[in-house]
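Quick notes on the structure that follows.
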Amino acid sequence: MKNFLRNSMHSYCRTVYPFVALLLLLIITEWACAGDVKVSAQLNSDSFPVDEAVLLTVTVQGASSAIPPSPTGTDLQFTYRGQSSQMQWINGKTSATISFSYMVQANKPGDYTIEPVKVVVEGHKYFSNPLSCTVLPASASRGASASASPRGSQGASSGPSTRLRSGDADKIGFMRISPEHETLYPGQLTHFTVKAHFRRGLRVTLNSNPSLLGNNFILHSLDEKPVQQEELINGERYITLTWHGTLSAVKEGQFPLEFELDASLLMRVNRQRSRDPFGSLFGNDPFFDDFFGRYSKREVKLASPKKSITVQPLPTTDRPADFKGAIGSYSLAVAASPLQGRVGDPITLKMIISGSGNFDLVQPPELTETKHWKTYPPTHTYDEETPGQGQKRFEQAIVPTSPDITEIGAIQFSYFDPELKKYVSLHSDPLPIQLEQQTSGSSSPKSLPAADLQPTSSPNRVSDNNLAPLHTKLGKLVKKITPLYQKNWFIALIAAAFLIMLSAFYFSLRRKLREKNPQLILRKNLEQALLHHFKTMQEAIDSSDQKTFISHCRQAIQEYLALQWGVNAQSITRADLQQRLGDDALLQKIFAQLDQAGFSGSTLDRQSMTKLMRDTQKGVRSS
């Protein structure tokens, strides 16, 4: 029995040692990676016209998940366009990167500053670098086009590009763009056709495919090679090149849609006629003029006429709570495996979104019932059949935490159908599952069988194999040397250390899970933001700074309601408060007073600002 217990403890120690070493390695690795988070911000252009937008990219390095930040800047508008993530494994080191994209536009020309963007990662705050940009007048976005005609160029060298529009006198060529829709919604994918017409007989070399001008639209796809054919237009024969593609609008408003094409023309320059009255060697034959004629090369830009596109806002009526910006026409298919298992075993949930539309805006569907489920971020792949049509597949690991679960709840996905002009919500059927409750059986160690007693031979007897006889007298006794790992106190010490480490790991894991709870993080961030706003408001009251007071009071109301409604704080307007809270709501009245004071130019005294701050504090506590 004693040997059995000793061997059992020995086996136990050999099993525990690798686990403890692995646990320490994971903890050390996590501590080392916790401080490697870096946040950076970048604009794709430092200057842009007031009627266009630029792309702002906020990059978070060293984190696999983060809450989308809210960039701020005076008199600047930010439109969230989505996020992307990337993970790399190089020489045994893992690095993760998350990028958030925003479209930035200003209301008037001038110099602007984008404040450092705050990003929250696992409860810790990180800030990016500030950015400066210059907004130019709308007329500064286009340079003057050269007006020289290619027909008058001499020599073989290339001159400056000449920008040609439809109706130019030289009739070298022109472009046409035909969008499928002239009225769109932000993010709606629409097909278009671009045609470039060149007069027959010209030698044309394309330097590039048609390029979209401006930042009001996003080009999703365009044919790599055009379809070439001959057409008769107004009695003249033209070589027509046709491209098909898809694009979407960035924001609401009315914007010009325009394409441009770079090309090179190789044009014949006739030989100068001889002034010799006796004629030249070939007698001024036009055949020889054509044969020995020279060519000149001219770079040109064909520009299509501006097509006015109206982008109307998405309706706010009947907007589903889980709507994340998807627009198009889709269908939902859901499957899961395995459907039989135990509590704690992962289940792979497969969701397929099929149809036509802007798949860049399609986010993972949501599980309607998350109680007793532990979910992990899904992965996705996209299979495109034709431009704007295909399937987006999502795979998500979910883990049941209760034996009472009998089914996977319905999966919900909402989108806006631009053809029907309404929101559509898709629901899958619940998937039945069977779970077995985990049971641990205990078995008592079996007792070793007693050895049969055998008679021993006499110690003085010499064996038949001529071995020396055993000693008949007992020699000096010494204590038996027991290995350290077999001593009871050492085994107890190792067990106690393991239990302490396991307990510490459990409480640390529990604390981190609580810190990663999105609701708790959002509430904690909101409390800190409100304290900051109220403190700044009080300082503004003391210094009679009305502009700062109005700005922070409005931000406090927007950020508080953004958490309640689950929307972007900067997108909340007075109309939203009237629709959701009503005209008699306290926060709505405060917001109306702030708008009136901010836009009418009226002055708020210290007593009025103090009352507004107290009413705001009362409103965010009672709402």
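Would you pull out the residues with amide H under 5 Å of residue 114's amide H, same chain only if 5 or more places away, H placed 1.01 Å from N?
Correct list: 131, 132, 133.
What does the charge count around residue 364 come to, taking other residues whose C-beta lies under 13 Å from its C-beta (Lys +1, Arg +1, Asp -1, Glu -1)?
For residues surrounding residue 364, the net value is +1.
Find the all-direction average of the projected area of the Cα convex hull for the range 482-545, expressing the result in square nanometres with one decimal place.
The number I arrive at for the range 482-545 is 7.3 nm².
Once phi is turned into θ = phi - 60°, what whole-Hz ³J(HN,Hα) does the Karplus curve with 6.51, -1.76 and 1.60 give for every residue of the range 217-223, x standing for Gly and Pro?
So the J values, rounded to whole Hz, are 9, 10, 8, 8, 8, 7, 4.
Tally Lys and Arg at +1 and Asp and Glu at -1 over the other residues with C-beta under 13 Å from the C-beta of residue 347: what net charge comes out?
0
What ranking do 40-46, 395-401 get when scored by the average of other Cβ atoms within 10 Å per residue, highest first?
395-401, 40-46
Hey, can you rank 530-541, 495-506, 122-133 by average C-beta count inside 10 Å, highest first?
Put in order of decreasing packing, that is 530-541, 122-133, 495-506.
Could you work out Rg/(2.2 N^0.38 Å) for the range 565-623, with Rg from alpha carbons only?
The range 565-623 yields a ratio of 1.16.
Calculate, for residue 221 and residue 132, the FRET efficiency according to 1/(1 + (r/R0)^6) with r their C-beta to C-beta distance and R0 30 Å; round to the nearest 0.05.
With R0 = 30 Å, the Cβ-Cβ based efficiency is 0.30.
For a Förster distance of 60 Å, can you work out the FRET efficiency between the beta-carbons of residue 542 and residue 230, rounded to the nearest 0.05?
0.15
Using the heavy atoms of the protein chains alone and a 1.4 angstrom probe, what is the accessible area of the range 553-623 per residue in square angstrom?
57
Can you list the residues, at least 5 places off or on another chain, whose amide H is less than 5 Å from the amide H of residue 372, using H built in the peptide plane?
Sorted by chain and number, the residues that satisfy this come to none at all.
When the chain is fully extended, how far beyond the present Cα-Cα distance does residue 599 get from residue 42, taking 0.36 nm per residue of separation?
Here the segment from residue 599 to residue 42 would lengthen by 197.3 nm.
Would you mind checking 108/535; 512/535; 225/301; 371/512 for any pair whose Cα atoms are more than 26 angstrom apart?
108/535; 512/535
Using θ = phi - 60° and the Karplus form 6.51 cos²θ - 1.76 cosθ + 1.60, what ³J(HN,Hα) does each residue of the range 64-81 get, whole Hz, x for Gly and Pro?
Per-residue couplings from phi come out as 9, 8, 7, 7, x, x, 10, x, 9, x, 5, 6, 10, 10, 10, 10, 6, 10 Hz.
Apply the Karplus curve 6.51 cos²θ - 1.76 cosθ + 1.60, θ = phi - 60°, to the phi angles in the range 176-187 and return the couplings in whole Hz, x for Gly and Pro.
Here the 3J(HN,Hα) series is 9, 10, 10, x, 5, 10, 9, 10, 10, 10, x, x Hz.
Got a number for carbon plus sulfur as a percent of the range 469-617's accessible area, 1.4 Å probe?
57
Suppose all protein chains stay in the model; what accessible area per residue would a 1.4 Å probe give for the range 175-274, in Å²?
That works out to 50 Å² for each residue.
How big, in percent, is the set of alpha carbon pairs in the range 299-368 lying more than 15 Å apart?
Everything past 15 Å amounts to 73 percent.
The values are calculated or read from the model by the stated rules, or taken from the named source; none is laboratory data. Values in this document were obtained by computation on a predicted structure and should not be read as measured data. Note that we place each Cβ from the backbone using ideal geometry, even for glycine, and neighbour counts take in every protein chain shown. The accessibility values were calculated without ligands, DNA or RNA, using every heavy atom of the protein model including side chains. Shrake-Rupley method; radii C 1.70, N 1.55, O 1.52, S 1.80 Å.
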